[in-house]
Amino acid sequence: MDIPKKYLHDRLVLLLLSINAFVALITSVLILLRLDTSRSDGYFVQYRANLGLNAYRVGSYVSLLSIIIFVIFVLSFHTLISARIYSQRRDVAVVVLTFGTLLLGLTLIVSNALLVLR
């Protein structure tokens, strides 16, 4: 894929890409620092409000590592889509990167909430 030269010189695009990369890095590092593979009881990986007392679902550390894979996927997917569409519509490319920032921020909040509930 050929990235337009203007794409890498646009200040707003570079700002959003930097924010996305920073949030993705922070999310990954926080998850890795809080994981303890020796826990036998597992981690809370889901919250289902409609189940009442059984609202929390327990899983292994592999389920939390999948959040890191999700973060990498979101970062790369939004960057590629934004770079492809930039030459036709700059404003849509910026909106795609903004939605990526929103999704990465929500991922950080949700993963932190699940890891606090040890």
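We did not get these values from a lab; they are worked out from the coordinates using the rules stated. Just so you know, these numbers come straight off a predicted model, no measurement behind them.
Tabulated data for the structure shown
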{"quantity": "Hz values of 3J(HN,Hα) by residue in the range 59-67 - Karplus curve (6.51, -1.76, 1.60), Gly and Pro given as x", "calculated": "x, 8, 5, 5, 5, 6, 5, 5, 5"}
{"quantity": "Size-normalised alpha-carbon gyration radius of the chain, reference 2.2 N^0.38 Å", "calculated": "1.29"}
{"quantity": "Value of [θ]222 nm, deg cm²/dmol, for the chain, DSSP H segments ≥ 4, -39500 (n - 2.57) each, nearest 500", "calculated": "-23500 deg cm²/dmol"}
{"quantity": "Relative pair counts by distance (%), Cα atoms of the range 62-118, 5 Å bins", "calculated": "4, 19, 23, 20, 13, 9, 7, 4, 1, 0"}
